[in-house]
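The values are calculated or read from the model by the stated rules, or taken from the named source; none is laboratory data. In this text the structure is predicted, and so the values were computed from the model without any measurement. In this analysis, Cβ positions are derived from the backbone assuming ideal geometry, glycine residues included, and neighbour counts consider all displayed protein chains.
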């Protein structure tokens, strides 16, 4: 009976070559931060699974209820926030665990804090009329940039907002 090992190895080699080529084409910022973001996504996911939301919430920022507050940024800050969002989304695609909107939002919040860029982290819900169920979503926005989670405002009703601690005095 013939073995399929050479075919599987060839397929795997081809896939790895394609992924390596794709990675090389990514922006330098995303490649530089990839290992750190990959680990941060894992730690964020672990924290979400291990700790209650009440224990996580103080680390997300200053709670402001359902207010929709988006800080204004300089063009340099906006460019960096867009780079952070792109890098977080790239790293999230390559994790073997679930890196959905919540871990991405937590990781983006951490990175924006590193670069001292003010942010708003939102939680929202929407009702799926076809399935008669609710869906939750988390996203981070700052300036004109939807850092992670896309344009959550278009589909989700905000049920909670956390601001960058640097914005607390302005609120």
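Some notes on this structure:
Residues are listed down the side, and each one gets a yes or a no for (1) without any contact (Cβ under 8 Å) to a residue 40 or more places away in the chain; (2) more than 19 Å from residue 145 (Cβ to Cβ):
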position	(1), (2)
35	yes, yes
45	no, yes
54	yes, yes
74	yes, no
88	no, no
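- Residues located in region 114-155, provided they are touching a residue at least 60 places away in the same chain (Cβ under 8 Å) and either out of contact with any helix residue (DSSP H, G or I) (no Cβ under 8 Å at 6 or more places or on another chain) or in a strand (DSSP E or B) (or both): 121, 141, 142, 145, 146, 147, 148, 153
- Residue 89 touching a helix residue (DSSP H, G or I) at 6+ places or on another chain (Cβ under 9 Å), exposed (fewer than 12 other Cβ atoms within 10 Å of the Cβ) and closer than 25 Å to residue 156 by Cβ: no
- Output for region 108-136, where each listed residue is in contact with a strand residue (DSSP E or B) (Cβ under 8 Å, 6 or more places away or on another chain) and under 22 Å from residue 27 (Cα atoms): 108, 109, 112, 117
- Here region 36-68 is the region considered, the condition is being buried (at least 17 other Cβ atoms within 10 Å of the Cβ) and closer than 15 Å to residue 165 by Cα, and the residue that is nearest to the chain's Cα centre (by Cα) is 60.
The rows are residues; the columns are (1) over 24 Å from residue 49 (Cβ atoms); (2) crowded, with 19+ Cβ neighbours inside 10 Å.
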residue: 83; (1), (2): yes, yes
residue: 96; (1), (2): no, no
residue: 108; (1), (2): no, yes
residue: 114; (1), (2): no, no
residue: 124; (1), (2): no, yes
residue: 131; (1), (2): yes, no
residue: 134; (1), (2): no, no
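Let's see how each residue does on (1) at pLDDT 95 or above; (2) out of contact with any strand residue (DSSP E or B) (no Cβ under 7 Å at 6 or more places or on another chain); (3) within 30 Å of residue 19 (Cβ to Cβ):
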residue: 48; (1), (2), (3): yes, yes, yes
residue: 75; (1), (2), (3): yes, yes, no
residue: 80; (1), (2), (3): yes, yes, yes
residue: 101; (1), (2), (3): yes, no, yes
